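Only one structure is covered here, and it is reproduced in the block below.
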Ligand code: ATP
């Protein structure tokens, strides 16, 4: 559904994206993971026709995003990082205006269906201002779904939400996938990528440094992590391919040793030497 071929983007002397390539299949949830400034939003901006790549090309449903931007806009929808709802209007009015602008047919019935499926119909006449952050995020999703997009882009969908609300949102995103839609999301929450994504790409300083299912990436770097305190009392860890290897390391350390399964943050640390992904504290 999406093909990204060696795209690069420059902001002055800064190479925000450096020959990034990947493909996303129809009906897949794909997550682009990386720390602040890695190039995630720039990638989304290119795919959603807000900016052009300086090199390379992207296709969505076989169409070039630069050459066919008008057609691309009709098959995608975007949930931006910032909340751009009309806060002084009601839930229903927000959907009505968006639907009219996007010339959605049979609009009133569609609004009613989407409010029901996202479980917000009881808030239909509430002002956006009066909704919790989680409900506002759900409304942003509802609005994006109104035009029945083939591909949905979610930029940091659960930023600022507490763990419980975040998990509710993941359920909704899974149900969107089950309708056959392709979902592209950016995140710097490790748990979000692990829980939700069929495949992930990891960006670091504009380069795609890993691509695969979360399980594949963890297998590649080693499935077990030994955590221990070094001689100076600093927290240290080693990644091992085999459990036996982890036990051997654990035996040679002091008694404050833990062995656990590898997560995507460990993959990132192993590949970049940096520890900058934000962990889900929920
Ligand atoms: P975040 O998680 O903070 O949203 P990100 O991974 O989405 O980060 P981008 O927003 O794509 O990263 O930014 C990539 C790099 O490009 C950063 O160094 C950023 O400062 C720079 N950048 C992004 N937009 C512009 C712009 N319009 N002008 C100049 N530099 C920019």
Percent of alpha-carbon pairs separated by more than 22 Å within region 132-219:
29 percent
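Order 202-215, 137-150 from most to least packed using the mean count of other Cβ atoms within 10 Å.
Values: 202-215: 18.3, 137-150: 20.4.
The packing order, highest mean first, is 137-150, 202-215.
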What angle, in degrees between 0 and 90 and rounded to the nearest 10, separates the Cα long axis of helix 163-178 from the longest principal axis of the Cα atoms of the chain?
70 degrees
Could you check which residue among 185, 96, 154 shows the biggest mean-square fluctuation in a GNM of the chain with a 10 Å Cα cutoff?
96
Hey, what's the Kirkwood Rh for region 2-213 if you take every pair of different alpha carbons, in angstrom?
17.6 Å
Take every DSSP beta bridge whose two residues both sit in region 2-213, then give the antiparallel share in percent to the nearest 5.
55 percent
Relative contact order computed over region 217-279 (Cα-Cα under 8 Å; 6+ residues apart), in percent:
35 percent
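Suppose only helical runs count, i.e. DSSP H with n ≥ 4. What mean residue ellipticity at 222 nm does that imply for the chain under -39500 (n - 2.57) per run, divided by all residues and rounded to the nearest 500 deg cm²/dmol? Show your work: numbers first, answer last.
Working: 10 runs with 99 residues, N = 282.
Counting only the DSSP helices, I get -10500 deg cm²/dmol.
Normalising by the residue count of the chain, find the relative contact order in percent from Cα pairs under 8 Å and 6+ residues apart. Please report the intermediate quantities before stating the final value.
Numbers: 519 pairs, mean separation 61.1, N = 282.
Reported relative contact order: 22 percent.
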For the chain, the longest principal axis of the Cα atoms and the Cα long axis of helix 91-101 enclose an angle in degrees, to the nearest 10, of 70 degrees
In degrees, nearest 10, the alpha-carbon axis of helix 133-145 is tilted away from the dominant principal axis of the alpha carbons of the chain by 60 degrees
Out of 156, 244, 88, a Gaussian network model of the chain with alpha-carbon springs under 10 Å gives the largest mean-square fluctuation to 244
Using the Cα atoms of region 69-148, I'd like the radius of gyration and the largest Cα-Cα distance, Dmax, both in angstrom.
12.0, 37
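For region 217-279, just run the numbers: alpha carbon Rg, then divide by 2.2 N^0.38 Å, N being how many residues it has. Don't skip to the end; give the middle numbers.
Working: Rg = 11.5 Å, N = 63, 2.2 N^0.38 = 10.6 Å.
Ratio of Rg to 2.2 N^0.38 Å for region 217-279: 1.09.
Here, each number is a calculation from the coordinates, and none is a lab measurement. Predicted model, so just to flag it, every value in this text is computed and none were measured. Positions of Cβ are backbone-derived with ideal geometry, glycine not excepted, and every protein chain shown enters the neighbour counts.
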